[in-house]
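First the structure, in the form of C-alpha cells, and then the observations on it.
Read-outs: derived from the displayed coordinates by stated rules, not from any lab. Please read these numbers as outputs of a predicted model, since none were measured by experiment. No Cβ is skipped: glycine too gets one built from the backbone with ideal geometry, and neighbour counts run over all protein chains shown.
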Amino acid sequence: MSVKPEEGVRLCDMLLETLEGTAEKQAIKDIRLLFLALAHASGGKVSEAVSLLQLLEQRSATQLKPEQDTRLSRGILRLRADLLPAAAVQWRLK
C-alpha cells in the first residue's frame, strides 16, 4: 500500500486542529514540513523540496520547557528527533 505525501500533509493539518500544546504543535508542523517536501519532490519541484528539508534540519533541535513536558510531547519530539533527520538525509541522498 502506498500513501501519497499529500495525505500526510492533510493528516498533520487535522492533528494541528485538535492539539492544544505548543510543543506538540511545533513537532507536528515539522512532520508536516517533511510531507510537504516529499509532495514537492514527487511533483518535480526538487529545489523547493531541498529548501524545505534544509529548513527542517534547522528546526529539529527544539528542547521542551518544563511546563511543556508531557508524555505526548516527549513522544512526538522523539519521533521528530529520531525519524525526521534520518528520513530527510536518506531522501536527499537518493
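Things worth noting here:
- Counting neighbouring beta carbons within 10 Å and listing from fewest to most, the residues Ser42, Ser47 come out as Ser47, Ser42.
- Cβ-defined net charge surrounding Glu6, 12 Å radius [Lys, Arg +1; Asp, Glu -1]: +1
- Working from label points 7 Å from Cα in the Cα-to-Cβ sense, the Thr18 to Lys45 distance is 2.8 nm.
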